[in-house]
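Below is one structure, written out as structure tokens; comments come after it.
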Amino acid sequence: MTRVRMVELRLVGLPLVRPFRTSFGEMTEKACVIARVETDDAVGWGECVAGAEPDFSEEWNEGAWLVLRDLLVPALLEVDTVRAEDVERVFAFVRGHPMAKATLVNAVLDAELRALGRSLAAHLGAERERVECGVSVGIATSTPALLEQVAGYLEEGYRRIKLKIEPGTDVERVAAVRGAHPDILLSVDANAAYTLSDAEVFRALDAFGLLMVEQPLHHQDLVQHAALQRQIATDVCLDESIRSAADAEAAIGLGACRIVNIKQGRVGGVPEARRVHDVTAGLGVPVWCGGMLETGIGRATNLALAAMPNFRLPGDTSSSRRYFPDDLTQPFELAPDGTMAVPTGPGIGAAPRPDRLEACTLRLERFQKE
Ligand code: NPG
């Protein structure tokens, strides 16, 4: 039990190494909300995975800021004492907004674990000291540009390449990459850009031995995903559609996917991510750790999760420098063998460098316990 004395919210902005394009738009800068929670015993950090626009989901930075400022932070400061495992209940009066909630759920858990001197990985029963890393390649301006990027990432050691696709920029690009690299682990991610009437595209992709096709259809189309899965050989993986362990159970039960992408922020934080892990493990369905272009705070959190036993495929846990010339924390580095070390320090085992955090801060607000 501890008391949350103070919460600090920051909107931060970091330049990206190169623009990142998906089927829903292009990012040239990373902007997100970072929370610092001070309890009687320790300080904890949380990163909100929402972006500048409500495109990946309904949540976005300005909306998350308001939900945090007006609802979640006051609720957290109002309870007398709290344990990390209680925070989801404290926030249950707010429907939805998993990314905003995850920011504080994770920050309080981080503070609690730091006070105990225990790493998040140990808390989660992680079994690995290093995790296998893949990389997500945005929609390139041309096929040669894509081939060059893919070759560069393979050279760095990434063990799985995921290509972003959208209607019109799909089969031919995948064919080119597969032609150049017959044996690599290769997958595609559509970010919900297709409909069931595009099933032919996915039947064509069956020829390329893909590890999975990720989120081909609209996030609410579980039944349609099941219909698509019946028509193709490649495993469907769901990302945007899975907001909870209950969603994962429903999707698997319906036959809508055979693989699940876990992003702790999308499901409301580390505790629910653990439940998704457990329910999928029980059903024999493998998971892997997705990424939301997190700074080192979110990246550290993801690495601990990715070390759990049912994370059986390489994650989007790329190195800091794949996205940022200068991360908020010490940079996370990919080893030449395509793995990354799971942090071992207390809590998430990483914290922002104070000068870098100040330099990246666009807005700051502090909230004290009365
Ligand atoms: O490596 O952190 C990463 C990003 C991996 O492709 C990635 N994320 O849909 O999974 C996704 C995608 C994304 C991009 C999500 C932009 C949200 C915004």
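The values are calculated or read from the model by the stated rules, or taken from the named source; none is laboratory data. Predicted model, so just to flag it, every value in this text is computed and none were measured. Note: ideal-geometry Cβ built from the backbone for every residue, glycine included; neighbour counts use all protein chains shown.
Applying the selection to the stretch 42-100, what residues are among the small types (Gly, Ala, Ser), more than 16 Å from the ligand (Cβ to nearest atom) and either within 29 Å of Ala193 (Cα to Cα) or outside any loop (DSSP other than H, G, I, E, B) (or both)? Before you say what the answer is, go through the steps one by one.
Of all residues in the stretch 42-100, those among the small types (Gly, Ala, Ser) come to 42, 44, 46, 50-52, 57, 63-64, 75, 84, 92, 96, 100.
Remaining after also requiring more than 16 Å from the ligand (Cβ to nearest atom): 42, 44, 46, 75, 84, 92, 96.
Selection gives Gly44, Gly46, Ala75, Ala84, Gly96.
Remark: pairs (first residue in the stretch 85-106, surrounded by fewer than 22 Cβ atoms within 10 Å (Cβ to Cβ); second residue outside any helix (DSSP H, G or I); Cβ separation under 6 Å; 6+ apart in sequence or on different chains) = Val90/Val79. Report yes if some residue within the stretch 102-115 is within 16 Å of the ligand (Cβ to nearest atom) and modelled with pLDDT under 95; otherwise report no. Taking every residue of the stretch 102-115 in turn, none turns out to be within 16 Å of the ligand (Cβ to nearest atom) and modelled with pLDDT under 95. The numbered conditions (1) among the charged types (D, E, K, R); (2) touching a helix residue (DSSP H, G or I) at 6+ places or on another chain (Cβ under 6 Å); (3) buried (at least 22 other Cβ atoms within 10 Å of the Cβ) are all true for Lys162 except (2).
The rows are residues; the columns are (1) hydrophobic (A, V, I, L, M, F, W, C); (2) away from the ligand (no atom under 16 Å from the Cβ); (3) surrounded by fewer than 21 Cβ atoms within 10 Å (Cβ to Cβ).
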{"site": "Phe311", "(1), (2), (3)": "yes, no, no"}
{"site": "Pro314", "(1), (2), (3)": "no, no, no"}
{"site": "Ser318", "(1), (2), (3)": "no, no, no"}
{"site": "Tyr323", "(1), (2), (3)": "no, no, no"}
{"site": "Glu333", "(1), (2), (3)": "no, no, yes"}
{"site": "Val342", "(1), (2), (3)": "yes, yes, no"}
{"site": "Pro352", "(1), (2), (3)": "no, yes, no"}
{"site": "Asp355", "(1), (2), (3)": "no, yes, yes"}
{"site": "Ala359", "(1), (2), (3)": "yes, yes, yes"}
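Filtered by the rule that a residue be within 12 Å of the ligand (Cβ to nearest atom) and either among the β-branched types (Val, Ile, Thr) or in a loop (DSSP other than H, G, I, E, B) (or both), the stretch 286-300 gives Gly290, Gly291, Met292, Leu293, Glu294, Thr295.
Suppose the filter is of a type outside the set (A, V, I, L, M), over 20 Å from Ser142 (Cα atoms) and within 14 Å of the ligand (Cβ to nearest atom); does Arg159 pass it? First the steps, then the outcome.
On the way: of a type outside the set (A, V, I, L, M): yes; over 20 Å from Ser142 (Cα atoms): yes; within 14 Å of the ligand (Cβ to nearest atom): yes.
Taking the combined requirement at face value, the residue satisfies it.
Can Arg36 be described as within 11 Å of the ligand (Cβ to nearest atom) and out of contact with any Cys (no Cβ under 8 Å at 6 or more places or on another chain)? The answer is no for Arg36. Within the stretch 1-28, being over 27 Å from Ala75 (Cα atoms), more than 11 Å from the ligand (Cβ to nearest atom) and buried (at least 19 other Cβ atoms within 10 Å of the Cβ) holds for one residue alone: Leu14.
The selection criterion, being closer than 25 Å to Gly290 by Cα, in contact with a helix residue (DSSP H, G or I) (Cβ under 9 Å, 6 or more places away or on another chain) and of a type outside the set (S, T, N, Q), does not hold for Ala42. Screening Leu77, Leu109 for residues that are in contact (Cβ under 8 Å) with a residue 40 or more places away in the chain and either closer than 18 Å to Gly265 by Cα or buried (at least 23 other Cβ atoms within 10 Å of the Cβ) (or both) leaves exactly one candidate, Leu109. For beta carbons closer than 7 Å, sequence separation of 6+ or different chains, a first residue in the stretch 170-189 that is within 16 Å of the ligand (Cβ to nearest atom) and a second that is of a type in the set (S, T, N, Q) and part of a helix (DSSP H, G or I), the qualifying pairs are Arg173/Thr143. The sole residue among Phe311, Phe332 that is touching a Phe, Trp or Tyr at 6+ places or on another chain (Cβ under 8 Å), aromatic (Phe, Trp, Tyr), at pLDDT 95 or above and closer than 22 Å to Ala122 by Cα is Phe311. Looking at the stretch 173-203, which of its residues are surrounded by fewer than 16 Cβ atoms within 10 Å (Cβ to Cβ) and farther than 22 Å from Thr141 by Cα? Within the stretch 173-203, Pro182, Asp183, Thr195, Ser197, Glu200, Arg203 meet the criteria. Against the conditions (1) outside any strand (DSSP E or B); (2) within 25 Å of Pro325 (Cβ to Cβ), Glu26 satisfies every one except (1). Of all the residues in the stretch 292-309, those that are under 18 Å from Leu16 (Cβ atoms) and surrounded by fewer than 24 Cβ atoms within 10 Å (Cβ to Cβ) number 2.
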